[in-house]
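Here the structure is laid out as structure tokens; the discussion comes afterwards.
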Amino acid sequence: MIKVSIKKLCVVSALSFFTVLPSVVYAQGAPVICPDYKKGPTNIPSERTGKKVQKAYEAYNNDQIDEALALLYEIDTSQEFDRAFTDRFIGNLLATKPESATKALEYLTKAVKVNKLNDSEQAGTLRLVADLNMQEKQYPQAIEWYNKWMAFTCKEEAEVYLRIATALYEQQKWADIIEPVNKAIKMAEKPNKNAYALKLTSYFNRKMYKETIQVAEDTVTIFPDNKANWTQLGFFYMLVEDYKKALSTFEMALNQGFLTKEAEIKALMQLYSTNNIPYKAALLYEKYMKSGLIKKDEKNLSTLANTWHQAKEHLKAANYYGQAAAISSNPDMYSKQGTLLYAAEKYKDALSALQKALDGGADNVGRIHMAMMEANFYTGDFRSAYQHVLEAKKDTATARSARSWEPYIKEKAKNRGIKL
């Protein structure tokens, strides 16, 4: 979540080594503000060490990093400040080379542990060691060094607390994230979306859904133009089965043009259906199927058909069941299409669809014959109606109903002089 530009930090740090050249004066940093702080003396390298460091600095200034390092490695000194000063320079240069990060940490850690550097350099090195550990995914060590930096400088920064929270996130220490991330949020000059993402993740992974939703609601308020926040909040409401708030949230996201994925449109459609608004669900699904966002396959066409059916729009439902059947040759789709066409009193069309269901090997044979019997009966084709009722009698599921219809069909046919 948090990226640290170590190379940039190291170059700036290296340039701060010298404020006056070629005398190699090592500048004393600004006073530390701890209540019990006592300003230390300004240290400068010994003449012998200073000359060698000066040559290394000149090489570095000419982008000759390896040459600069070679000169610094030659420095042999027993003076603690000279040693720390040199190790810090070596560490800074190594840190600009990604493959040398581990070695850089070794030198920088040695430099800072003896606490002989001038205050500003000690503070900068503590921070750099923390950042390098973070970069190298040594998260417990990174947290330790960030805390040392704060203890030494008596400073607190939103960015440091955010990095500590990120290090805890990487270790999946979900509960521990809250304290530093709250400090990061409180101290930040402007809201940082990463901080809220960490806080939300902490609660969510501990199944603290009430707190998760509160953070998600905050993100929508603070970052209203971030479309992901809206859909995320909507899904969280669905998770706790607060379907009215979920629907309201997804509708607001739709009105702002934030629903751009198939899963999001399907979620809103589901919410309309759950809230007993199938007509809106079907209109929405149909619109985005026509736009191409929702694929026109058997499953989606069947879903749309079923939704129109729930909305009591039988002809529209039949149309989409027919499209699903045309794609898949699924006899169940033809059966549903035929049944709905029959309900809409489109008997000839119903008979065509139901026959396709029979020809395709549909399972509910008895019911299909009963539907075809009734369709033929209402169009006056008593002979066909009688043939279907005889077939329906063969199915135990429809035999009783078929037997009750049989004499009625015979009577109607007899009255009209039709031989069965």
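All of the numbers you see were taken from the coordinates with simple rules; none came from a lab. Just so we're clear, the structure is a prediction, and the values are computed from it rather than from any experiment. All Cβ positions, glycine included, derive from the backbone under ideal geometry; neighbour counts span all protein chains shown.
How high is the relative contact order of region 300-375, in percent, with contacts defined as C-alpha pairs under 8 Å that are six or more residues apart?
In percent, rounded to a whole number, it is 24.
Between K110 and T379, take the C-beta separation as r, use R0 = 56 Å, and let me know the FRET efficiency to the nearest 0.05.
Details: r = 97 Å, r/R0 = 1.74.
Calculated transfer efficiency: 0.05.
Go ahead and set up a Gaussian network model of the chain, Cα springs under 10 Å, then flag whichever of A311, A397, A325 fluctuates most.
Highest fluctuation of the listed residues: A397.
Please enumerate, by chain and number, the lysines with C-alpha under 23 Å from the C-alpha of K346, excluding those fewer than 8 residues away in the same chain.
K312, K316, K336, K356, K412
On a straight-distance basis, which lysines could pair with K52 in a cross-link, Cα separation under 26 angstrom, same-chain partners fewer than 8 positions away excluded?
K7, K8, K97, K103, K110, K113, K116
Using helices alone, I'd like the mean residue ellipticity at 222 nm for the chain: each DSSP H run of four-plus residues gives -39500 (n - 2.57), total over residue count, nearest 500.
-22500 deg cm²/dmol, from helical runs alone.
Quick one: which of 314-323, 343-352 comes out on top by average Cβ neighbours within 10 Å, and what's the full order, highest first?
314-323, 343-352
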